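None of the figures in this text is laboratory data; all of them are computed from the coordinates on show. In this text the structure is predicted, and so the values were computed from the model without any measurement. Glycine gets a Cβ as well: all are built from the backbone with ideal geometry, and neighbour counts include every protein chain shown.
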Amino acid sequence: MSSWKFRGVALDTLGIVTLVSDSLMMPQKRSDNVTIPFRDGRVFVQKMFEQRSMSLGLEVSEASISALESKMDTVKALFGGRSLGALEQTLEDLSVRTALAEYTGDLNLTRVTPVSVRMVLEFIMPDPFFRGDTLVSDEQVIDASPKTYTLTNTGTAVERNAKIILTGPLENTVITNLINGCVLTYTGSISSPRVVTIESVNGQYVATNDLGANVIGNVTHSGDAALFVLDSGPNDLSVADATHTTGTVTVEFYPPYL
Amino acid sequence: MTNTDWNEWRLIDSDLVTVLGIFPASESHLYLALNEPGAGELKIPLLSEAAGVVASGQFAQCSYRGAVRGGFFIENISKGQADASEGAGQWVSISGRGALSLLDDAMVWDDGTSASTRNFTDMTRAEILITLIDEAQARDALVNLSYDFSATLDSDGHAWTDSETLKLTVGTSLLDVVRQFARTGIDFDIQPDAGAFVLSAYKLGKGTDKSESVYLRTGENCEEVTSDEHGDKIKNALRVAYKDGYITVADGASITARRRREKLLDLKMAQTSSSATTIGAAEVELSKDPKKSISVKIYDGIGARAFIDYDLGDYIMLDVQGVETRYRIYGIQPDWTAQQFSKVIVELNSILYENDIQMAKDIDWLMDQWNTANDANLLEVSFWAAVGGQDSDITAIHDIVIMGNIIWIAGEFKKIGGIFSSGIISYDITNGKFTGYGFALRTAWSVFGIGYCLYIDGADLYLGGLFDDLNGDTMWGLAKYSGGVWSEVGGGVSWEPIDGDFYGGKPYSILKQDDWLYITGAFQYVGVHIGSVDSPFGAARYDLIGEVWEDLGGVIAKRFGALLKHGGDIYAIYTTFSPTTYYVAHFDGGTTWTPIGDPFDDEIYCLASYGDDILVGGKFTGGIAKWDGATWETFGGGTTGEVRDITIFLTDVYIVGLFSDLGNNISKYSGGAWFTLTTGLNAQTNAIALFDTDVYVGGLFTTAGDKPVKQLAVYFNNFESLVDYLDNDSSFDMGAAIHNAPASAISDADEMGFWEDVTNALRKITWANIKATLKIYFDTLFVHLSGDETIAGVKSFSNKINIGAITPPSAGGDGSVNQAAEGLSAGNTAWTFGSGFASFLTGIFARGTKASPSAALTNDIMLKLRGRAHDDATYGNTSVEIRFVADQDHTLSAHGTRIEMWVTPNGSTTLTKAITIENDGHVNIDGGNASTY
């Protein structure tokens, strides 16, 4: 069975961990299909994944009541934090997946014995995806136009927030995902050794160069609300560029898992 | 960028160029309205980077479906820093007005004088707007704005045809100027894109008619269909105040249905009850019923797709459970939540409401004309004038249409206005010139062809008539004039099958809808040059794209007449035979004509759209009738004669034809009554067309307003139009007109015209004004001698003066005191009364100048008393004289003088000093022995 850590603390050091709802489940989707009056059924609307909730069972048993009270202080200190913390799952194959989670429950204790309590640990993950701990970093030298290659998203979810690094010399660079039709365009020149980084910071898309200048005005996209989308599995990418000599396009992301 | 792209908001800095970021928008909406800035709003997390940099004056630019669709200037920033939901309630909501509000940044600037208005003369509205924008940009305002129209062409390449004389109040924002111009029918739009805000202006309105291709249907794509009705502004009985009193205009049906609701309408600038009635009736039409609006909420993921399938200004079809109504789109409001496609609220106005808007525009225009005229002391006139002059060779005029400033005339004629052109000719209102087209229309039978009908489609003109040749090119009965070139349409029409000869068909009516050209008339075959199609009863349509004809006449014998497009549908007159019946029929768009209402008892000649109703004119009992959607009823009490053509201005109905009970062959129905146009026309009139309020008519008549004309005339209400006409009409001899006018003594209230060079327009002035003006002017030239106008009460006269009735015989007499009459002594006497006073004559002398006098020196003469006499040949020189002479150089203490008496000895003409009274009192007798007493 998977083992779990929260904020770096292995939960099985606190007690016996049991699963109530685990990562084998998938986050819910939100939104609803559209009702048209006087029309049977509804009109399909593409859904988005809702934030994810997860519950773990924990039984804490100590030799004495005072030891139990001391352990519960440790538990409360761990889960009482107000910020997001890393919830880390180690799978049976020892691979690790991490999500940012917030503890939202009240521990919901059940006193089994005077020195033993059971509780349900309730987590909310605003970003519903677990991330693999190995960064996928794919750098391609754009020495042809178009330069085509395959980039594999090893996760089970669609990657919508990959970091894209453009290293000059590049000019009017157009990155197309031939699988899903998403197109990211950087209009203008990036001379060597300038580097432009396009990424999502706190949910907002930004584009800056290595001198700190905001160059988001040079970025346009098509095909999705996200700037660029990598489907789960292999993605055939095409990069068109007016220079296509030694410039590089790097795509980085931690694989997302449902 | 594709038309399936999601929406995205970008933050543009206040320089309107720099893109600062992409908003992490939670929910947003954009409100786009025709000719209004609209608005926008979006919500972003308080803790986002964008929230930290957002500031007033920046622009939020919205893209959707692959293109920029609008945006808004950030004017309101509302931060929810804490609420019951704590962190989840921390949002920044930003909102503001849309792109068109950029024009609110600049205003009508003063002209450097103290004038509170800017005056623009003889300019197109576009030219005025361009002037104002250019001025603003010279002041560094509106630096990001450009425009894609010019002073001569609109954004679609249509030529502006207006010529405005406008006063704009200094301080009026350019946004309000645009709103004012939009009320005249021009649509405006700003397309924002970072760094470039492009203003467009559409003379013919923004958008196109997509009512045959874009359907919003309940049960298919409409989430909600709602309508609102507001009756608080209903007024159905107007008391209209005009120059000479009051008239009442009321709507009986509205009063019955909604009780009598009165209002005063102040139209003091209206000169006559007739013109006041025109506006009053139109105002009643606008206010007698409740106002209705309708909106439809659409899920954009289904289609029709906003901005792709339809956009602002387009016409679409709304199908509510089988009832289809054509609407124009006045507002689009997409709302985005977290879905790919938005919910779009589309605001619609029906054709009826569209008519209201057009009528409101026309009222505004007419009121503007009156106000301008009133402010400028212009006159409202009622004046008939000939068009084309007495040397025109016209048998009959059959149709008149107006395209911008060009009047197209079709009929049976050879020459108009000195220009040879048979059957078709154009007349330029701006310069009074006719343009002919050679032997424009010829037939194999009679050399001269005949034009029967005209139809305007944008910048193109369609002509139907009896002809087989136009300007040397073979064209059978149907031609198109586009870009200065005539071409045949669809291979022409014919009465007989083609066999090498022309057997003229006669189109009587033409109409275009979508890509179909409909024609009716006396023909049996269409497309004779491209593949003849039978149309045995003279009704067919031509697919202008596919270039194929379809017969619409059916199999039942009938003859078709006038066509009408009304409410998106097509109607036509037709007559069946055996038995003879006269119908107006509705065309279903396929092959079926369905008569509406009962048949008429005699021929029908014309159709016109009148708001929601249809008017027909003809030879039937009553002569004019109205279809209200259910029945035909005689309109306005009808006429005992025939109505040949109908045209509408506001709610006024102008008819022409062959009648005398409502006026002589022309009449105007306004506010429930018929009005004559002075003495009208003396014979049948076939065609009428309005150029603003100028009424152009053609027919068989030979007098208009009792003046001799040649079957073509114009009736002016507007003095400036009349002046333009006179200015352009070479046949008008102003000198002869003045010479032949009856003499009359002038009174203070009598008026005269004059040309004002500042405004370059005719103005009037009364005799009282002239007298007062001349007095003011003369007072600047001459000193008024009855008062103390000069310094210290000294009265002066700058030129020579003579006192007495006898004018001196020579210039040397200037400044003389003369006889009152010959035969009398010139006894000019100085009277003095009172002790210590005396009458005196003084000579004052100084050397130097007036400004710098210097002392008199010895022998300088201060005064001469002289006598001269006529010697039978001339007036001799001085022959006797007393001189008052300085006897020493004068100083403050030395004023010595002497008196010399000079006489002329007998027999001599030499003046000789006789006696000197020296400074010491001694008398020196120069001519004899000196002696001292």
>> Can you tell me which aspartates and glutamates have their Cα less than 19 Å from the Cα of B:Lys233? Leave out same-chain residues fewer than eight positions away.
In response: B:Asp251, B:Glu262, B:Asp266, B:Glu283, B:Glu285, B:Asp289, B:Glu354, B:Asp356, B:Asp364
>> Let's test the formula: R0 of 51 Å, r as the Cβ-Cβ distance of B:Thr131 and B:Ala673. What FRET efficiency results, to the nearest 0.05?
In response: 0.70
> In nm, to one decimal, how far is the B:Leu841 label point from the B:Asp515 one, both placed 7 Å along Cα→Cβ?
Replying inline: 10.9 nm
>> Which one, A:Val112, A:Phe79, A:Val45, is farthest towards the positive end of the dipole of segment A:3-131 when Lys and Arg carry +1 and Asp and Glu -1 on their Cβ?
In response: A:Val45
>> Can you report the principal axis dimensions of segment A:134-257 using only the alpha carbons, biggest first, rounded to whole angstrom?
In response: 36, 32, 27
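With loop defined by DSSP as not H, G, I, E or B, and exposure as at most 13 other Cβ atoms within 10 Å, which is the longest segment of chain B clear of exposed GluC sites (Glu not before Pro)? List each step's numbers first, then the result.
Values: sites that count: B:Glu547, B:Glu822.
Answer from the scan: B:1-546.
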> Looking at segment B:116-158, which trypsin sites (Lys or Arg not before Pro) are DSSP coil and have at most 12 other C-beta atoms within 10 Å of their C-beta?
Replying inline: B:Arg139
> Which lysines have a Cα less than 19 Å from the Cα of B:Lys764, not counting those fewer than 8 places away in the same chain?
Replying inline: B:Lys243, B:Lys268, B:Lys775
> Using 11 Å as the cut-off for backbone N distance, which residues of segment B:889-905 belong to the label zone defined by a point 7 Å from the Cα of B:Lys913 along Cα→Cβ?
Replying inline: B:898-902
> What's the average, rounded to a whole number, of partner chain beta-carbon atoms within 10 Å of each residue's beta-carbon in B:12-25?
Replying inline: 3
> In the protein assembly as shown, what percentage of the DSSP-assigned beta bridges are antiparallel, given to the nearest 5?
Replying inline: 95 percent
> Can you list the residues of segment B:65-105 with backbone N under 15 Å from a point 7 Å past the Cα of B:Asp148, pointing along Cα to Cβ?
Replying inline: B:67-70
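Neighbouring Cβ atoms within 10 Å as the yardstick, rank B:Asp148, B:Asp598 fewest first.
B:Asp598, B:Asp148
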> If you average the sequence gap of Cα pairs under 8 Å that are 6 or more apart and divide by the length of chain B, what percent do you get for the contact order?
Replying inline: 6 percent
>> Under 28 Å between alpha carbons, and skipping anything fewer than 8 positions from B:Lys210 in its own chain: which lysines qualify?
In response: B:Lys291, B:Lys292, B:Lys297, B:Lys343, B:Lys361, B:Lys480, B:Lys512, B:Lys565
> How well do other chains shield peptide A:202-208, expressed as the mean number of their Cβ atoms within 10 Å of each residue Cβ?
Replying inline: 5
> Given a Förster distance of 35 angstrom, what is the FRET efficiency for B:Thr621 paired with B:Asp692, based on the Cβ-Cβ distance and rounded to 0.05?
Replying inline: 0.55
> Which FRET efficiency, nearest 0.05, do A:Leu24 and B:Asp193 yield, Cβ-Cβ r, R0 51 Å?
Replying inline: 0.60
> Which helices, taking whole DSSP H runs in chain B, have alpha carbons extending 15 angstrom or more along the helix axis plus mean Kyte-Doolittle at least 0.5?
Replying inline: B:125-138
>> Report the Rg/Rh value for the protein assembly as shown, based on alpha-carbon coordinates and the Kirkwood definition of Rh.
In response: 1.20
> Cα axis of helix A:65-79 to longest principal axis of chain A: angle in degrees, 0 to 90, nearest 10?
Replying inline: 20 degrees
>> What does the C-alpha gyration tensor say about the overall shape of segment A:3-131? Classify as rounded when a/c is under 1.5, otherwise prolate if a/b is larger than b/c, or oblate.
In response: prolate
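Restricting to DSSP loop positions (anything but H, G, I, E, B) with no more than 15 other Cβ atoms inside 10 Å of their own Cβ, which GluC sites (Glu not before Pro) remain in segment A:76-120? Before the final figure, lay out each step's value.
On the way: sites: A:Glu88, A:Glu92, A:Glu102; in loops: A:Glu92.
Hits after loop and neighbour filter: A:Glu92.
How about segment A:1-96: which trypsin sites (Lys or Arg not before Pro) there are in a DSSP loop, with at most 13 other Cβ atoms within 10 Å of their Cβ? Please report the intermediate quantities before stating the final value.
Numbers: sites: A:Lys5, A:Arg7, A:Lys29, A:Arg30, A:Arg39, A:Arg42, A:Lys47, A:Arg52, A:Lys71, A:Lys76, A:Arg82; in loops: A:Arg7, A:Arg39, A:Arg42, A:Lys47, A:Arg82.
Sites meeting the loop and neighbour criteria: A:Arg42, A:Arg82.
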> What is the fewest-to-most order of B:Thr152, A:Thr173 by other Cβ atoms lying within 10 Å of their Cβ?
Replying inline: B:Thr152, A:Thr173
> What does the highest-first list of B:605-612, B:906-913, B:620-627 look like by mean Cβ count within 10 Å?
Replying inline: B:620-627, B:605-612, B:906-913
